[in-house]
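Chemist: For reference, the structure I am asking about is given below.
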Amino acid sequence: MDALKAIELRKSTRSYQPKPVEADKIEQLIAAANNAPKAGTLHISVVENTDVLKELNDATLIAMKNSGVEFLMSRAALEGYQPLYGAPVLFLLTAPKDAPYNTATASCAAANITIAATALALGSCYVISPLLGLDGKSELSGKIGIPEGFSPVCGVLVGYSAGEAFSTPKPAAYSVNYCK
């Protein structure tokens, strides 16, 4: 699949099969992240451990319910809602604390992962809610392998799609103007 087709077909997957993602595909997704534009240091933790994913999912769900943010609380209140959507893999992107361009660097890498996942016939979802589940949880951060002095910026869930649960409508296109 060419890049433009993968970009066109990419969508956020919020329901995954329990099937593991093959190691060669994970390596291709890491390569895609590494080929993204860079403006600083980034660390990628590839989380496949089901116990750690469950612990992070549960901590994130509790944090969402107690966040005081209406959108997060309403999502967490949906019947059967799980913040990691049953994904078998989480790519957690972390950067040095207070690095000036860490959000841009991590987001570029995450976008490349989502597009490459589409090209590899995998579903993916850009997520920031797991950051809530990691807040103040140094033991869980240690299990994931977040380096000392780094903080989570965003994540990408990856796996084989299991349907359209918790899907949201595609947002309207951006407004565009041309200055020629």
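The values are calculated or read from the model by the stated rules, or taken from the named source; none is laboratory data. These numbers come from a predicted model, not from an experiment. Here the Cβ is made from the backbone with ideal geometry for all residues, glycine too, and neighbour counts use every protein chain on show.
Chemist: What is the residue count in region 79-108 for residues that are in contact with a helix residue (DSSP H, G or I) (Cβ under 9 Å, 6 or more places away or on another chain) and among the polar types (S, T, N, Q)?
Modeler: 2
Chemist: Could you identify the single residue in A63, A39, A32 that is over 20 Å from L134 (Cα atoms), out of contact with any His (no Cβ under 9 Å at 6 or more places or on another chain) and in a helix (DSSP H, G or I)?
Modeler: That would be A32, the only listed residue that is over 20 Å from L134 (Cα atoms), out of contact with any His (no Cβ under 9 Å at 6 or more places or on another chain) and in a helix (DSSP H, G or I).
Chemist: Oh, and also: Filtering region 41-87 down to residues that are acidic (D, E) and out of contact with any strand residue (DSSP E or B) (no Cβ under 7 Å at 6 or more places or on another chain), which residue is surrounded by the most Cβ atoms within 10 Å (Cβ to Cβ)?
Modeler: E55
Chemist: Same structure, new question: Just name the residue that is modelled with the lowest pLDDT out of those in region 133-149 that are among the hydrophobic types (A, V, I, L, M, F, W, C) and buried (at least 20 other Cβ atoms within 10 Å of the Cβ).
Modeler: Only one residue tops the list, namely L134.
Chemist: Let me ask something else about it. Criterion first (under 28 Å from G40 (Cα atoms) and loosely packed, with under 13 Cβ neighbours inside 10 Å) does P96 satisfy it?
Modeler: No, not satisfied.
Chemist: Report every pair of residues separated by at least 6 positions or lying on different chains whose Cβ atoms are under 7 Å apart, first residue within region 51-72 and touching a residue at least 60 places away in the same chain (Cβ under 8 Å) and under 14 Å from I144 (Cβ atoms), second surrounded by fewer than 18 Cβ atoms within 10 Å (Cβ to Cβ) and not basic (K, R).
Modeler: That search, which allows pairs on different chains as well, returns E55/L140; L56/L140; A59/L140.
Chemist: Name the pairs: first residue in region 152-163 and within 16 Å of A104 (Cβ to Cβ), second residue of a type in the set (G, A, S), Cβ to Cβ under 6 Å, at least 6 apart or on different chains?
Modeler: V153/A95; V153/A106; C154/A106; C154/A110; V156/A110; V156/S124
Chemist: Which residues, taken from region 76-92, are over 11 Å from Y126 (Cα atoms) and touching a residue at least 60 places away in the same chain (Cβ under 8 Å)?
Modeler: Hits for region 76-92 are L78, G80, Y81, Y85, G86, A87, P88, V89.
Chemist: For region 7-40, which residues satisfy the criterion of being of a type in the set (G, A, S) and either modelled with pLDDT of 95 or more or surrounded by fewer than 18 Cβ atoms within 10 Å (Cβ to Cβ) (or both)?
Modeler: Passing the criteria: S12, A23, A31, A32, A33, A36, A39, G40.
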